[in-house]
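Structure first, then comments.
The values are calculated or read from the model by the stated rules, or taken from the named source; none is laboratory data. If you're wondering where the values come from, they're calculated on a predicted model, not measured in any experiment. Here Cβ is always computed from backbone atoms with ideal geometry, including for glycine, and neighbour counts include all displayed protein chains. Quick note on the areas: whole protein, heavy atoms, side chains included, nothing else; ligands and nucleic acids left out. Shrake-Rupley method; radii C 1.70, N 1.55, O 1.52, S 1.80 Å.
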Amino acid sequence: MAAGGLLLLLLLPWLAMASRSPPGCRIRITSKGLDLVKQEGLRFVEQELENITVSDLHGKEGQFHYNISQVKVVDLQLPFSDLHFQPRQHLAFNINNASISLRFRRQLLYWFFYDIGSINASADGVHIHTVLRLAKDEVGRLKISNITCNASIAKMHAGFSGTLRKVYEFLSTFIVTGMRFLISQQICPSLEHASLVLLNSLLDTVPVRNYVDEHIGIDYSLLRDPAVSPNTLDLDFKGMFFFRARENHELENHAVEPVIKETERMVYVAFSEYFFDSAMHAYFQAGVLAMELEGEKVPKDLEVLLRATFFGTIFMLNPAVVDAPLRLVLQVSAPPHCVIKPSGTSVSVSAFLNISLVPAGQPAVQLSSMAMETKLSAKVFLQGKALRVQLDLRRFRIYSKQSALESLALFSLQAPLKTLLQLTIMPIINGKHHHCLCTAGLGAGGFSLLHLLLLLPAERTKKGVQIPLPEGMDFTREVVTNHAGFLTVGADLHFSKGLREVIEKYRFVAPTPADPTSQPAAPSADPRQL
């Protein structure tokens, strides 16, 4: 019994690692990135503290009656501030030796003397210490789950003027002490509201489950709470694409877990092979990695070549069938696979091509069924916050599924078909020369075979796939680095919009955690509807 317990104890760490799902996408924010966030965050904190509300203060001391109202912050000085990571899940934000200038309305009664006016005051030696706890919520979104705050004011001074100035200064202790207490009590509630309500509304702009197009969506939910070290914050996202008609179906992740070691840039984003494979698997499930060309949609040069290649077979057919239109059915036979190496990224595609004659009113006559193997090199880059991929055809091979002898006969087709792909399909995949779609006679669905194999910028995906960052925050100076099984994008950050601008935009928009953040048309499983 004791031996079994010891064995279980030894296996627990291994079992914990085995149950830990690797991320398809990992984002690291470094201390340099946090410094930029601090600059924008400090402006936001200043705006929040400038808008603090202080309750009216009134009371009496002997014959001295006072009422203080309409307290307003007129100036704020935050000379010393610090924002840093605090393991394991926290951010610490400190403000030291700040000063707050105030103006308020006074109503004072001393014996028979009544006075009304305004008073200027200042709170000096203001110290604020806050710790924010970061966690994932029930839908997998990053949230500020808790905040601890301590605020203190070292001293406060009120300046009086007028006939009763000496009397006010003598009795100001009561006013100053009360105002010092009230202001210190309002600082933390103001920052708690700013963090738990306003900043969390900013985090609501990060996509969790987002529709890419009418066929697939992407799941950017957090797998676990963020991991915070003294110099970095790491966020592990599922990074899985899904077929919209089967949103609950999950592709198991057996890819290498991305490991980010760099800290020189403000942010690093890592994508594993699983991230790309899940996209291609989802499109394969949707049935859109297929193309059918018939009659006039078959490029004329290709039709001549095919009829010449299969002349012997066609010659032996019924004369009524010889001049029948050609039909080409091209379909990916298995989900394409992405391989990421330090030397580059490639995508392997296996497909089959059925060539038939389709005489009117008669069954189709198959001329050939050939297999195709294609290898594409992929260049991954960022444009704004969108991940995009540019492909180049590296290897192309066709062979017969029926006999080795026919494979030899098909050898003459290999070079022309490769040229066709390079001149017509590849430019469309990479979002260039869209006029080729018409001149090559490929029709409206002619780019369906390959343009969806990665996150390709063709008609429906030319904007790329968004990386999960809050609105108003963008990448600059991006550098893509390949590793074994994953790639990383190192970049700096800049704010295209202020925190206040984004928060005010979404302040009264209720989040819908159960629904994707954007919803194109209803899903379609029929490639001919494209």
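Annotations for the structure displayed:
- Using a probe of 1.4 Å on the protein chains alone, the accessible area found for Cys188 is around 20 Å².
- Computed extension gain for His193 through Asp56, at 0.36 nm per residue and net of the alpha carbon distance, reaches 47.2 nm.
- Residue-level accessible surface for Leu293, protein heavy atoms, 1.4 Å, Å²: 10 Å²
- Note on region 329-395: Rg/Rh from Cα positions, Kirkwood definition for Rh, rounded to two decimals, is 1.20.
- Taking every alpha-carbon pair under 8 Å whose residues sit at least 6 apart, region 31-204 reaches a relative contact order of 19 percent.
- Distance violations [Cα-Cα > 24 Å] among Lys136/Lys385; Lys261/Lys341; Lys38/Lys505; Lys72/Lys505: Lys72/Lys505
- Centroid-to-centroid, using Cα positions, region 228-276 and region 32-108 are 39 Å apart.
- Within region 72-95, backbone nitrogen closer than 15 Å to the virtual label 7 Å beyond the Cα of Asn150 toward Cβ: 92-95
- Theoretical FRET efficiency, 1/(1+(r/R0)^6), r = Cβ-Cβ of Glu296 and Tyr506, R0 60 Å, to 0.05: 0.75
- Placing pseudo-labels 7 Å out from each Cα toward the beta carbon at Arg103 and Arg477 gives an inter-label distance of 4.3 nm.
- FRET efficiency, 1/(1 + (r/R0)^6) with R0 60 Å, evaluated for Asp323 and Lys497 via beta carbons: 0.40
- Model label points for Asn120 and Phe352, set 7 angstrom from Cα along the Cα-to-Cβ axis, are 8.7 nm apart.
- A 1.4 Å probe run over region 31-204, with the rest of the protein chains in place, finds 51 Å² accessible per residue.
- Protein-only accessible surface order, largest first, of Val465, Val329 at 1.4 Å: Val329, Val465
- Counting only protein chain heavy atoms and rolling a 1.4 Å probe, the accessible areas of Arg141, Arg388, Arg43, Arg20 rank, largest first, as Arg43, Arg20, Arg388, Arg141.
- Residues Leu469, Leu199, ordered by accessible area of protein heavy atoms at a 1.4 angstrom probe radius and largest first, appear as Leu199, Leu469.
- Per-atom-type breakdown for region 181-229 gives carbon and sulfur 58% of the accessible area (1.4 Å probe, protein chains only).
- Take Ser346: with every protein chain present and a 1.4 Å probe, its accessible area is about 20 Å².
- Taking region 300-405 and dividing mean pair separation by its residue count, relative contact order in percent (alpha carbons under 8 Å, at least six apart): 20 percent
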